[in-house]
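Participant: Starting off with a structure, shown below.
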Amino acid sequence: MKQKKLILFIPSIEGGGVEKNLFIIGNYLSNKINEIALITASKEHKNKFDSKIKFITPKNPVSNKSSRKFKYIICLYLLIKEIIKRRNILVFSFQANFYCSIICKIFNIKIITRSNSSPKGWSNNPIKEIIFKNLFKLPDHNIVNSIKFKSELNRRFNINSECIYNPLNKDQIKKKSTKKVNDNFLNEKKLLKIINIGRLTDQKDHLTLLKAANILKKNIKFKLLIIGRGKNKKKLNDYINKNNLKKFIKIINYQKNPFPYLRKCNLFILTSKYEGLPNVLLEALTLKKFIISSNCPTGPSEILDNGKNGLLFKVGDYKELAKKITFFHSNKKACLKMTLIGNKRLKRFDYNLNLIKYFKTINKYL
């Protein structure tokens, strides 16, 4: 029987961790599968994909400022058109998984979904629990990116998913980190240099980081660089101005290559309320940076081996975070040993090992 065409589905490509994995996984699969296409709302990121991947996009370009829901509707319509045109396909969904699954089940099309963040972020009442419990049964295969994520889905929704870790390309990260950047903010010596990289949204909870910094300014000389874009930028800048933190903290826009900034810093901090398996922690460990992270569901405690390879604090507890930063500042040598152990433990996220797992799973349905 002729091999099915693989359709990758992600309506909105925004440059975060999900997209990084999409680029890596999609390009790897393009060399393993005869026919592969991507349904998305824009061709903006086409240069990041192998030329073998056919782009299926709207005839009229969709603005990046358009809402996700609008992009979902457009791309679900494109998916239906593609299914009607050719039934011998397999769908691999990275986004809008439930909507995509409903469409595929209506047309009796096989679908694999990849879930990216803990249910804590999108399931917070009993009615949603019941709805999601049924929707999770629609895909033919569910992939998640951490063992604790897998356990959470099984416990809450009775779903037997497969855990495949994010493929980590350590060589590429190291290479990119050597590029020079024209920013003097982190050039001053003998300072504690802290960095955070992530979308400026409620999920990432940057306000907790700023509140901790506000405590630290009295006792520690530091610089904090936040890299990201999002709806909370004004709120964060307002807090910085109100608390006279401008000489300590700088927010810059999303960077295609944040690794040179990361290389210049001593400490990476993650303050998220929930995650899946945050790539940025893997990237920080690759460059041997010490990590302090919220103990949010899911991912950070798994990456940091429950606090053996970095420090964890309670979600939203800025006072505890300030104490952890102070501890690191006074115990850099001991913390470096923890980081080096964490760096060795990155073998779990090996680039080739996890990409092979993706292909084996997908190949079962082709």
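Participant: Which net charge results for the neighbourhood of Lys128, defined as the other residues with beta-carbon distances under 14 angstrom from its beta-carbon, given Lys and Arg at +1 and Asp and Glu at -1?
Facilitator: Combined, the nearby Lys, Arg, Asp and Glu give +2.
Participant: Please work out how much length the chain gains when fully extended from Asn257 to Ile341, using 0.36 nm per residue of separation minus the C-alpha to C-alpha distance, in nm with one decimal.
Facilitator: The Asn257-Ile341 span can extend by a further 27.7 nm.
Participant: In degrees, nearest 10, range 0 to 90: what is the angle between the Cα axis of helix 17-30 and the longest Cα principal axis of the chain?
Facilitator: Between helix and principal axis, roughly 40 degrees.
Participant: Continuing with the same structure: Could you tell me which of Ile164, Thr201, Asn154 has its Cα farthest along the dipole of the range 118-244 towards the positive end, charges placed at Cβ (Lys, Arg +1; Asp, Glu -1), taken about the Cα centre?
Facilitator: Thr201
Participant: Taking N as the number of residues in the range 197-303, what value does Rg over Cα atoms divided by 2.2 N^0.38 Å take? Present the calculation step by step, with values, prior to reporting the outcome.
Facilitator: Details: Rg = 13.3 Å, N = 107, 2.2 N^0.38 = 13.0 Å.
Expressed relative to 2.2 N^0.38 Å, the Cα Rg reads 1.03.
Participant: Moving on. Pick from Pro11, Pro61, Pro300: which is most flexible by mean-square fluctuation in a GNM of the chain where alpha carbon atoms under 10 Å apart are linked?
Facilitator: Between Pro11, Pro61, Pro300, it is Pro61 that shows the largest mean-square fluctuation.
Participant: Still on this structure, I have one more. Among Lys179, Lys242, Lys46, which one shows the highest mean-square fluctuation when the chain is modelled as a Gaussian network with alpha-carbon springs under 10 Å?
Facilitator: Lys242
Participant: Give the long-range amide H neighbours of Phe92: residues separated by 5 or more places, or on another chain, with amide H under 5 Å away, using H modelled in the peptide plane at 1.01 Å from N.
Facilitator: Long-range HN contacts for Phe92: Ile7, Leu8, Phe9, Ile112.
Participant: Please work out whether the range 322-366 counts as rounded, prolate or oblate from its C-alpha gyration tensor, where a ≥ b ≥ c are the square roots of the eigenvalues and a/c under 1.5 means rounded, while otherwise a/b larger than b/c means prolate and anything else oblate?
Facilitator: prolate
Participant: Using unit Cβ charges (K, R positive; D, E negative) and no other charged atoms, how large, in debye to the nearest 20, is the dipole of the range 1-87 about its Cα centre?
Facilitator: 340 debye
Participant: Another question, if that's okay. Helix 332-344 versus the longest principal axis of the chain: what angle, 0 to 90°, nearest 10, using Cα atoms?
Facilitator: For 332-344 against the chain, the angle is about 20 degrees.
Participant: Going 7 Å from the Cα of Asp202 along its beta-carbon direction, which residues of the range 217-252 have the amide nitrogen within less than 12 Å of the resulting point?
Facilitator: Flagged as within label range: 232.
Participant: Could I ask something else about it? Relative contact order for the range 236-364: what is it in percent, counting Cα pairs under 8 Å that are at least 6 residues apart?
Facilitator: About 19 percent, as a whole number.
Participant: In square nanometres, what is one fourth of the surface area of the convex hull spanned by the alpha carbons of the chain?
Facilitator: If I average the Cα hull's projected area over directions, I get 18.5 nm².
Participant: Using a Gaussian network for the chain with springs between C-alpha atoms less than 10 Å apart, which of these wobbles most: Asn184, Asn352, Asn21?
Facilitator: Its mean-square fluctuation being the largest, the pick is Asn184.
Participant: Still on this model: Rounded if a/c is under 1.5, else prolate if a/b is larger than b/c, else oblate: which is the range 211-265, with a ≥ b ≥ c the root eigenvalues of its Cα gyration tensor?
Facilitator: Verdict is oblate for the range 211-265.
Participant: Using the structure shown, list the pairs from Lys137/Lys357; Lys193/Lys242; Lys150/Lys324; Lys174/Lys235 with a Cα-Cα distance above 25 Å, or answer none.
Facilitator: Over 25 Å Cα-Cα: Lys150/Lys324; Lys174/Lys235.
Participant: For Phe290, list long-range residues whose amide hydrogen, built 1.01 Å from N in the peptide plane, is under 5 Å from its own amide hydrogen.
Facilitator: Phe268
Participant: Of the cross-linked pairs Lys148/Lys347; Lys4/Lys85; Lys48/Lys273, which ones have a Cα-Cα span greater than 21 Å in the structure shown?
Facilitator: The answer is Lys48/Lys273.
Participant: Taking Rh as the Kirkwood radius, which is the inverse of the mean 1/r over Cα pairs, what is the Rg/Rh value for the range 1-42?
Facilitator: Looking at the range 1-42, the ratio lands at 1.01.
Participant: Quick one: length gained pulling Lys2 to Lys246 fully straight, 0.36 nm per residue minus the C-alpha distance?
Facilitator: Between Lys2 and Lys246, full extension yields an extra 81.7 nm.
Participant: Checking the cross-link filter: which aspartates and glutamates have an alpha carbon closer than 17 Å to that of Lys360, excluding same-chain neighbours under 8 positions apart?
Facilitator: Glu35, Asp140, Glu162, Asp350
Participant: Then there's this: With θ set to phi - 60°, apply the Karplus curve 6.51 cos²θ - 1.76 cosθ + 1.60 along the range 171-178 and write out the HN-Hα couplings as whole Hz, x wherever there is a Gly or Pro.
Facilitator: Karplus-based 3J(HN,Hα) across the range 171-178 equals 4, 5, 4, 4, 5, 5, 5, 7 Hz.
Participant: Based on the Cβ-Cβ distance of Asn363 and Ser63, what FRET efficiency does E = 1/(1 + (r/R0)^6) give at R0 = 35 Å, to the nearest 0.05? Write down the numbers at each step before the final one.
Facilitator: On the way: r = 37 Å, r/R0 = 1.05.
Efficiency for this residue pair is about 0.40.
Participant: Additional query: Return the long-range amide H neighbours of Phe313 (sequence gap of 5 or more, or a different chain), with a cut-off of under 5 Å between placed amide H atoms.
Facilitator: Ser293, Ser294, Asn295
Participant: Separate question: Counting only protein heavy atoms and using a 1.4 Å probe, what share of the accessible area of the chain belongs to carbon plus sulfur, as a whole percent? Please report the intermediate quantities before stating the final value.
Facilitator: On the way: 9230 of 17850 Å².
Using a 1.4 Å probe with all protein chains present, the chain comes out at 52 percent carbon and sulfur.
Participant: What is the P(r) of the range 239-366, as percent of Cα-Cα pairs per 5 Å bin from 0?
Facilitator: 2, 10, 16, 19, 20, 14, 8, 5, 3, 2, 1, 0
Participant: Shifting gears a bit: Taking θ as phi - 60°, what are the ³J(HN,Hα) couplings along the range 290-307 by the Karplus curve (6.51, -1.76, 1.60), each to the nearest whole Hz, with x for Gly and Pro?
Facilitator: 5, 10, 10, 9, 5, 8, 8, x, 10, x, x, 5, 5, 5, 8, 6, 6, x
Participant: Taking θ as phi - 60°, what are the ³J(HN,Hα) couplings along the range 9-16 by the Karplus curve (6.51, -1.76, 1.60), each to the nearest whole Hz, with x for Gly and Pro?
Facilitator: Karplus values, whole Hz, x for Gly and Pro: 10, 7, x, 10, 8, 10, x, x.
The values are calculated or read from the model by the stated rules, or taken from the named source; none is laboratory data. Nothing here was measured: the structure is a model prediction, and the numbers come from that model. FYI the Cβ positions are ideal-geometry reconstructions off the backbone, even for glycines, and counts take in every protein chain you see. Ligands, DNA and RNA are excluded from the accessible area calculation, which covers all protein heavy atoms including side chains. Shrake-Rupley method; radii C 1.70, N 1.55, O 1.52, S 1.80 Å.
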